[in-house]
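The values are calculated or read from the model by the stated rules, or taken from the named source; none is laboratory data. Nothing here was measured: the structure is a model prediction, and the numbers come from that model. Cβ atoms come from the backbone with ideal geometry, glycine included; neighbour counts cover every protein chain shown. Protein only, heavy atoms only, side chains kept; ligands, DNA and RNA dropped before computing areas. Shrake-Rupley method; radii C 1.70, N 1.55, O 1.52, S 1.80 Å.
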Amino acid sequence: MAEALFRRVAIAGNPNTGKSTIFNALTGLRQKVGNYPGVTVEKKTGRFFGSHGEAMELIDLPGSYSLQVRSPDEAVARDLLLGRVAGEPRPDVIITVVDASNLDRHLYIVAQMLELGIPVVVALNMVDVAEARGLSIDLLELKERLGVPVIPMVASNATGIIELKQAVSRTPLPKPERRAQFPIVFETEIAHLAKLTNAPAESARMEAMLLLSLDEQGLRDANLSPTLYTAVTAGQTRLRGAGIDPISAPVDARYDWVATMCSAVVHRRGEDNEGLTISDRLDMILTHKVWGWVAFVAMMSLMFVCIFFLAEPIMEAINGGMAALGNWIGSHMAEGDLRSLIVDGIIGGVGGMVVFLPQILILFFFLGILEDSGYMARAAFIMDRLMSRVGLHGKSFVPMLSSFACAIPGVMATRTIESRKDRLVTILVAPLMSCSARLPVYIVMIAVMLPAAGALQRAGIMLGMYALGLIAAFVMAWVFKKTLLKSETPMLLLELPPYRAPIIRGIAQRMWERATIFLRRAGTVILALSIVLWALLTYPKPENPEATQSEALAHSIGGRMGHTIEPVIAPLGFDWKIGIGIVASFAAREVFVGTMGQIYNIEDADEDNEELREQMRAEKRPDGSPLFTPLVCLSLMVFYVLAMQCVSTVAIVRRETGGWTWPLFQIAYMTALAYLGSLIVYQGGKLLGFQ
Amino acid sequence: MLHTNSKTTLASAKCGDKLRVLHICPDCPHCLRLRELGFHDRILVKKVADGTAIICVIMGTRIALGRELCEHIEVERIAA
């Protein structure tokens, strides 16, 4: 039986304040990821227990600078705190996480939280950093002035977690009574407008305040009733008449309140240190016009080389395990369709995918390091120069970089992009980045293409494929920004957090999450596809029991499908067997390797399987010439770089764009692009005399 | 000692200069976010990198801003 919840606690704050670290420290592995009803934004919740064992739900809100929102993820935080989300009551408590080393900026969000009328607990994180910077914070005075509990913390080593639990469990938790004071005329307008909103009494004041602070475009977008619209604009006019700007006045009032508070509670020991910090020194290189690029390319190269070198022994171990399992099952079962299904279909298909888990984990490890260390924002800054040429800004690069691991988190990461059109453009091009599912295809094709190549040479070709995806994404973004989704190039506004040592535990937790999702997918989607594929490649069986394997394959439904599409794909250098692989991998591109394994009747086919590579190298066309020439391998890789072959991504794009129009358009344009790219490579290569 | 009061925009200010914000336009949505990030009148800013985008330090935080956005921020130079 589920335990009754004592409280619903929301955790809020600016980005880069250690919110997720506190969330992880409080909930451990008792987390789940879902969606808010009616909206498409991810909802991360967890469970923790108070100081007397009371069960509480913790909601991790997206990082937000303000309740005056600018992006879809900020809107989720605001809507949940204001009780606007159907089926999601307002939280009972808000833990507001602030960076102790930068109180004069981070208390701004606290000022807004205090205006919500919900009990607030301030988690004063990174007190160690503040201390190291010579800042001393008078905690008693801060608590007194804020009128809410303040817990000093160092979340990275779990200092203060117990005290935070105690503070959240306290009964009763009084509602905050102190807040920034706005001009009296402003308060009068808020009170007047609050009566006209349909919001519940407890959130009506904030709703009115947010309405008064909207600009013209914001008011139009808010879909207000004519009465409310008139009341808001009339209120704004009266305020302007009184010499008060309704948009900037609340911000200025809060910052005045914050400044008064900081002057009373923050004391600097010794002289203000004007010297360069470690972050300053690192930024002199990492955001430099030339060295920044050198560092960026070096880091990306290191990542791809590690994916090859570090993953290899683990992959070999998994490989061996899968082969042993296949052999064991094969030796304990009588020959027949069931054995073929289990050994060739299930172990071959699912095993072929599971084996590249180590590479995916290494990729996520690197991306975690880049994100936690603060480098990801620098990468966005470096890329802004390039991105602005195609009409996007550097922020769009972060989802694209995440898409190197998987397009799903990449598409979801576009929620931080304010402009709807730019967000759509980023969603449309993000799957062009080479995700981890393309890895096995590249690995096997590179091995077939250049059997004697060393690891560096292989990594170089791999890097080339990743670069091709990146270039294609830029070109397509430029095309979309000039045609379908025409809009001005957005202005860059991006916080560059200080460099910090990554918290390995947090990264490990995210890797665990990704591994779970990956294995679940292997056990469901890929398993189902493997079984379907096996059936397609097995039935109907040829009437002649003496038929060769190739004849049996050609007779199967899959074989006939391959033959049907062969005239279409022949100009790309592909035969009907490759056609089966392409058709089979339209739902999940990683299925290609397993399909090749089933076609060539290799048990436990994966990209490291030498037998599969040998079979592919030995494969001949009807005229006796080799099928998998270097040019065909390259053409096939280009096809896989550019094609949209992932049902999960299609599903997430449908959810994020709210319909089928954009995902269908995305499938169409990427398929056309893949065909064109492959055609140019193969036919162009032939014209140049390559094979 | 404070130096001259040369008015300019953050985009045109020299890299390495310490500046004081004089004015930000009150009603454009980008500038509202700038205000919320601490770019209010009288605040001190240091410009640390210049290019297609600009990096400045405000209240101990580094913020990257597009050059066009920096044109909205009027500043005066207080020291190099």
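Qualifying trypsin sites (Lys or Arg not before Pro) in chain B, where qualification requires a DSSP coil assignment and no more than 13 other C-beta atoms within 10 Å, comprise B:14, B:42. Stokes-Einstein, applied to the Kirkwood radius of the stretch A:561-651 over Cα pairs at a viscosity of 0.692 mPa s and 37 °C, places its translational diffusion at 242 µm² s⁻¹. The C-alpha atoms of the stretch A:317-442 occupy a region whose extents along the principal axes are 62, 29, 22 Å, arranged from largest to smallest. Less than 5 angstrom separates the built amide H of residue B:62 from those of A:496, all sequence-distant by 5 or more or on a different chain. Extension gain, residue A:162-residue A:240: 0.36 nm per intervening residue step, less the Cα-Cα distance, totals 23.2 nm. Sequence-distant contacts, meaning Cα pairs under 8 Å at least 6 residues apart, place the relative contact order of the stretch B:7-79 at 47 percent. Three semi-axes describe the equivalent ellipsoid of the stretch A:491-649; taken as square roots of 5 times the Cα gyration tensor eigenvalues and ordered largest first, they are 37, 20, 15 Å. Indicate, rounded to the nearest 5 percent, the antiparallel portion of the DSSP beta bridges found entirely in the stretch A:61-173. Approximately 10 percent, going by the DSSP bridge assignments.
Between residue A:386 and residue A:195, residue separation times 0.36 nm minus the direct Cα-Cα distance comes to 63.8 nm.
Dipole magnitude for the stretch B:7-79: about 300 debye, using +1 per Lys or Arg Cβ and -1 per Asp or Glu Cβ, origin at the Cα centre.
Under the criterion of Cα pairs below 8 Å and six or more residues apart, the relative contact order for chain A equals 11 percent. The reciprocal of the average 1/r between distinct C-alpha atoms defines the Kirkwood hydrodynamic radius, which for chain B equals 12.2 Å. Think of each Lys and Arg Cβ as +1 and each Asp and Glu Cβ as -1; about the Cα centre, that makes the dipole of the stretch A:184-243 roughly 180 debye. Only Cα pairs under 8 Å and 6+ residues apart enter the sum, and on that basis the relative contact order of the stretch A:505-687 stands at 16 percent. 3J(HN,Hα) along the stretch A:380-397, derived from phi through the Karplus expression 6.51 cos²θ - 1.76 cosθ + 1.60 where θ = phi - 60°, amounts to 4, 5, 4, 6, 4, 4, 6, 5, 5, 5, 9, x, 10, 10, x, 4, 5, 6 Hz, with x in place of Gly and Pro. Note on the stretch A:184-243: dipole from Cβ charges, positive end direction compared against A:243, A:201, A:212; the farthest Cα belongs to A:243.
The fraction of accessible area contributed by carbon and sulfur in the protein assembly as shown is 61 percent, rounded to a whole number (1.4 Å probe; ligands and nucleic acids excluded). Distances over 13 Å make up what percent of all Cα-Cα pairs in the stretch A:294-345? Counting every Cα pair in the stretch A:294-345, those more than 13 Å apart make up 68 percent. Interface between chains B and A: roughly 3000 Å² of accessible area buried, both sides summed (probe 1.4 Å, protein heavy atoms only).
Computed from the C-beta positions of residue A:333 and residue A:312 and an R0 of 41 Å, the FRET efficiency is 0.85 to the nearest 0.05.
Along the stretch B:54-60 the Karplus relation, 6.51 cos²θ - 1.76 cosθ + 1.60 evaluated at θ = phi - 60°, assigns HN-Hα couplings of 10, 10, 9, 10, 9, 6, x Hz to successive residues, with x for each Gly and Pro. Taking amide hydrogens as placed 1.01 Å from N in the peptide plane, the amide H of residue A:58 sits under 5 Å from those of A:9, A:46, A:47, A:48, each at least 5 positions away in sequence or on another chain. Note on residue A:515 and residue A:611: the model spin-label points, each 7 Å out from Cα along the C-beta direction, lie 2.8 nm apart. Beta-bridge orientation, chain A: approximately 45 percent antiparallel, per DSSP, counting only bridges with both partners inside. Using a probe of 1.4 Å on the protein chains alone, the accessible area found for residue A:156 is around 70 Å². Per residue, the accessible area of the stretch A:339-469 comes to 23 Å² when a 1.4 Å probe rolls over the protein heavy atoms. The residue A:136 and residue A:665 beta-carbon pair, evaluated with R₀ = 60 Å, returns a calculated FRET efficiency of approximately 0.55. Residues in the stretch A:486-526, backbone N under 15 Å from the label point at residue A:302 (7 Å along the Cα-to-beta-carbon vector): list them, ranges by number please. In the stretch A:486-526, the label zone of residue A:302 (backbone N under 15 Å from the point 7 Å along Cα→Cβ) covers A:500-502.
Dipole size of the protein assembly as shown about its Cα centre, with +1 on Lys/Arg Cβ and -1 on Asp/Glu Cβ: approximately 1360 debye, rounded to the nearest 20. The string of couplings for the stretch A:653-659 from the Karplus curve (6.51, -1.76, 1.60, θ = phi - 60°) is 5, 4, 5, 6, 9, x, x Hz, one whole number per residue in order, with x for Gly and Pro. Just which residues of the stretch B:39-65 lose 40 Å² or more accessible area with every protein chain there, against their chain alone, with the probe set to 1.4 Å? Hits at the 40 Å² cut-off: B:40, B:52, B:53, B:55, B:59, B:61, B:62, B:64.
Look at the dipole of the protein assembly as shown built from charges on Cβ: of A:329, A:405, A:277, the Cα furthest out on the positive end belongs to A:277. Look at where the Cα atoms of the stretch A:298-352 and of the stretch A:484-543 average out, and the two centres are 19 Å apart.
Calculated mean residue ellipticity at 222 nm for chain A: -18000 deg cm²/dmol, from DSSP H runs with n ≥ 4 weighted as -39500 (n - 2.57), summed, divided by the residue count and rounded to 500. Of the GluC sites (Glu not before Pro) in the stretch A:475-579, the ones in a loop by DSSP (not H, G, I, E or B) with at most 12 other beta carbons within 10 Å are A:488, A:543, A:546. Accessible area of residue A:185 (1.4 Å probe, protein heavy atoms only, ligands and nucleic acids ignored): about 70 Å². In the stretch A:473-511, burial by the other protein chains removes 50 Å² or more of accessible area from A:491, A:492, A:493, A:496, compared with the chain on its own (1.4 Å probe, ligands and nucleic acids ignored). Projecting the Cα atoms of A:113, A:266, A:310 onto the dipole axis of chain A, where Lys and Arg carry +1 and Asp and Glu carry -1 at the beta carbon, places A:113 farthest toward the positive end.
An ellipsoid equivalent to the protein assembly as shown, defined through the eigenvalues of its Cα gyration tensor, has semi-axes of 53, 29, 25 Å when rounded to whole angstrom and sorted largest first.
Checked against a 22 Å cut-off, the cross-linked pairs A:395/A:486; A:541/A:620; B:7/B:46; A:44/A:143 give Cα-Cα distances beyond that limit for A:541/A:620; A:44/A:143. If every alpha-carbon in the stretch A:52-128 counts as one equal scatterer, what log10 I(q)/I(0) does Debye give at q = 0.12, 0.17, 0.19, 0.24 1/Å? Cα-only, vacuum Debye calculation for the stretch A:52-128: -0.36, -0.70, -0.86, -1.25. Given their separation in residues at 0.36 nm each and the Cα-Cα distance between them, residue A:621 and residue A:550 gain 24.3 nm when the chain is fully extended. Residues whose amide H lies under 5 Å from that of residue B:9, counting only those 5 or more places away or on a different chain, are B:75; hydrogens are built 1.01 Å from N in the peptide plane. Taking trypsin sites (Lys or Arg not before Pro) as exposed when their DSSP state is a loop state and no more than 10 other Cβ atoms lie within 10 Å, the longest site-free interval of chain A runs over A:1-268. Mean-square fluctuations from a GNM of chain B, with a 10 angstrom spring cutoff on Cα atoms, peak among B:16, B:60, B:38 at B:60. Measuring only protein heavy atoms, the 1.4 Å probe finds residue A:402 accessible over about 20 Å².
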